[in-house]
Amino acid sequence: MLPFKLIYSDQYYLPIGQHIFPAEKYRRIHNKLIETSVADPSDFIAPQPASDQDILLVHKPAYVNKLKTGTLSAIEELQIEIPYSPELVNAFWLSAGGSILAAEHALKNGVAVNIGGGFHHAFPDHGEGFCMIHDVAVAIRRMQHDSKIRTAMTVDCDVHHGNGTAAIFAGTRTKSEPLPSSGPSVLGRKPLMRGTHAGDVFTISLHQENNYPQHKPASSIDVDLPDGVTDDDYLAWLDNALSSGLRQFTPDLICYIAGADPYREDQLGGLALTIDGLKKRDELVFRVARAKGIPVMVTYAGGYAQRVDDTVTIHCNTVIAAKEVFAGAAL
């Protein structure tokens, strides 16, 4: 039995037909965790859908109404890049409910994993990049609304910039400490590390610069990595970003977006991390959170490996990393 909970439902499956997003990955992750004895069936908790009131803590009423009534414009549906259906709306509402539940259990137990979510390209008034609703933002705002947290930090390690996250939490920008210039040189130059401090939620995005989205709103810290970054350099820059962020900001909750797409064989990525390097990435985030005594909730975001089994393995390794770091810990 795990010392923390995994949030999962078979209804996480996205009804999008043949698509580069492997909608079946959630079910396969769940099954593999049990088949390999990483988790027991009793470790899983099924979520309830987020309420419309929860969704409205982040998203504009007009947009929510369009989703609920199936009245998106053709352009709005094209921006989401997945085919609209009422069943798809239900899946996103359920995923947001899963992230709310993961946040609640992280605050109780030190860590929790939503086997889904991480839809970081959704904006308050529209969706983008396979993301209809920003489940992580909904979870943060719900925890703040319920006075369970005051502050939060997002640590986004998807290969794509968290543009929706940055836009939602932009708030009132204030002057931040100078970002450290120290760090590894990658392919002959240093990645650009830029940022400003934002309100009650501090956002970190570590992503491939030359990739989707074209416009990247400012996060609190952005690490714009060049193509082809490998394990050691990536881990050094992640450590640098976490250290800088936690010097500036003390969150009550870390929301870790553990994308599988920095993998070197990902079809939508251009970084070069190995499966082992991605597990070390997860371990680093968990070790920092545990050392600082900050609860951490995990969502999965993207993963488009040529072999879906690789994506499933990377996501399962995130649970294994959490198990190894938090085993025996006073959670």
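Restricted to the range 79-118, and to residues that are among the acidic types (Asp, Glu) and in a helix (DSSP H, G or I), which residue is nearest to Glu24 (Cα to Cα)?
Applying the filter and picking the extreme gives Glu87.
Show me the helices (runs of 4 or more DSSP H) entirely contained within the range 15-78 in which 3 or more residues are under 18 Å from Met132 (Cβ atoms).
52-55, 61-69
Say we look at the range 267-280 and pick out the residues that are crowded, with 24+ Cβ neighbours inside 10 Å and not in a loop (DSSP other than H, G, I, E, B); which of these is nearest to the chain's Cα centre (by Cα)?
My answer is Leu278.
I need the full set of residues from the range 119-167 which are assigned to a strand (DSSP E or B) and within 12 Å of the chain's Cα centre (by Cα), in order please.
Within the range 119-167, Cys131, Met153, Thr154, Val155, Asp156 qualify.
Can you pull out every residue in the range 207-262 that is of a type in the set (S, T, N, Q) and not in a loop (DSSP other than H, G, I, E, B)?
Scanning the range 207-262 gives Gln208, Asn240, Ser243, Ser244, Gln248.
When you look at Ile55, is it β-branched (Val, Ile, Thr) and in contact with a Gly (Cβ under 8 Å, 6 or more places away or on another chain), yes or no?
Values: β-branched (Val, Ile, Thr): yes; in contact with a Gly (Cβ under 8 Å, 6 or more places away or on another chain): no.
Against the criterion (β-branched (Val, Ile, Thr) and in contact with a Gly (Cβ under 8 Å, 6 or more places away or on another chain)), Ile55 does not qualify.
Could you run through the range 128-152 and say how many residues are among the acidic types (Asp, Glu) and surrounded by fewer than 22 Cβ atoms within 10 Å (Cβ to Cβ)?
Of the residues in the range 128-152, 2 are among the acidic types (Asp, Glu) and surrounded by fewer than 22 Cβ atoms within 10 Å (Cβ to Cβ).
Residue by residue through the range 1-53, note down the ones that are surrounded by 20 or more Cβ atoms within 10 Å (Cβ to Cβ) and charged (D, E, K, R).
Lys5, Lys25
Could you grab me the full set of residues in the range 204-249 that are closer than 17 Å to Ala289 by Cα, surrounded by fewer than 19 Cβ atoms within 10 Å (Cβ to Cβ) and of a type in the set (S, T, N, Q)?
Ser243, Gln248, listed by residue number.
Taken together, the values in this text are just the output of simple stated rules run on the coordinates, not laboratory data. Just so you know, these numbers come straight off a predicted model, no measurement behind them. Counting neighbours? That spans all protein chains shown, and the Cβs are built from the backbone with ideal geometry, glycine included.
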